[in-house]
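Taken together, the values in this text are just the output of simple stated rules run on the coordinates, not laboratory data. Since this is a predicted model, take the numbers as computed values, not measurements. Please note: Cβ atoms are built from the backbone with ideal geometry, for glycine as well, and neighbour counts cover all protein chains shown.
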Amino acid sequence: MMNIVLLGPPGAGKGTQAQRLVNGRGMLQLSTGDMLREAVASGTPVGLKAKAVMEAGELVSDAIVSALIGERLDSAGDAGVIFDGFPRTRAQAEALDLLLAERGRSLDHVVEICVEEDALVERITGRFSCASCGTGYHDRFKQPRQEGVCDVCSSTDFCRRPDDNEQTVRTRLAEYRRKTEPILPYYNERTLVRRVDGMRSVDEVAARIDAVLDSSELVRGA
Ligand code: AMP
């Protein structure tokens, strides 16, 4: 039951890599961004509070996101968990330690996906997804094989996140630098951080992450 955090700026590829780990290893992806978007879409009290904050590219309160993670962890069963987009502040990192300890879990790795900031704006502003199955695409890097038709489910409906515009992306990057990067020393003290070069291809990044996860399995099995 391995528990890992995927850390990195918006657009680093955390969601893409988390999805691979879900498919390849049967791990559970807990993405606070996805949970908040669901809450906004269904108009829950949390969604009503979070909507404007997300549209501005700022961070939702630590209490809200930590509570969301706590609820989902309770239904994780024996699965290993990938924390994607959480924690984003020092207070959330401390909350996560507590939530895990209360459930007899602990963190095995914090995988930091490093990407040059100039590449991020282009990555984020070009992305879109299938409105039906959620498969991700990109204007420049990954168009559907047949224009306007999803490769996976053949839907012709696509959508873009409202916060994937350049102005909001700049705020999201600033929030990352100011509030999330300072978590690294907290995890570094416990030698949990593994740096991965996120400028490489999706497959190469996945291979590096696999190497990190497999090396610790060897140690455990020894
Ligand atoms: P993401 O999908 O991870 O890029 O998150 C989209 C937006 O949701 C962020 O820009 C924040 O407004 C909000 N959000 C997601 N996760 C968190 C978190 N752990 N703490 C605070 N706000 C978050």
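Table for the structure above
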read-out: For VAL121, VAL40, VAL111, order by how many other beta-carbon atoms lie within 10 Å, fewest first; value: VAL121, VAL40, VAL111
read-out: Mean Cα-pair separation over length for the chain, i.e. relative contact order, pairs under 8 Å, 6 or more apart, %; value: 28 percent
read-out: Listed residues GLU189, GLU122, GLU175, most fluctuating in the chain (Gaussian network, C-alpha, under 10 Å); value: GLU189
read-out: For THR44, THR32, order by how many other beta-carbon atoms lie within 10 Å, fewest first; value: THR44, THR32
read-out: Convex hull (Cα only) mean projected area of the stretch 83-222, reported in nm² to one decimal; value: 10.7 nm²
read-out: Loop trypsin sites (Lys or Arg not before Pro), the stretch 101-193, which have at most 11 other Cβ atoms in a 10 Å radius of their Cβ (DSSP); value: ARG140, ARG145, ARG190
read-out: Long-range amide H partners of ALA131 with built H, under 5 Å; value: ASP157, PHE158, CYS159
read-out: Shape category assigned to the stretch 150-222 from the gyration tensor of Cα positions, a/c cut at 1.5; value: oblate
read-out: Whole-number percent relative contact order across the stretch 75-150, with pairs defined as alpha carbons under 8 Å at least 6 apart; value: 12 percent
read-out: Candidates GLU102, GLU94, GLU55: whichever shows maximal mean-square fluctuation once the chain is modelled as a Gaussian network with Cα springs under 10 Å; value: GLU102
read-out: Signed unit charges on C-beta, dipole axis of the stretch 1-63, positive-most listed residue LEU6, ASN23, LEU36; value: ASN23
read-out: Order of SER155, SER66 under a 10 Å beta carbon neighbour criterion, fewest first; value: SER155, SER66
read-out: Magnitude of the charge dipole, the chain, Cβ model with Lys/Arg +1 and Asp/Glu -1, debye to 20; value: 100 debye
read-out: For GLY85, residues with placed amide H under 5 Å, excluding near neighbours; value: LEU6
read-out: Shape of the stretch 1-130, Cα gyration tensor, a/c cut at 1.5; value: oblate
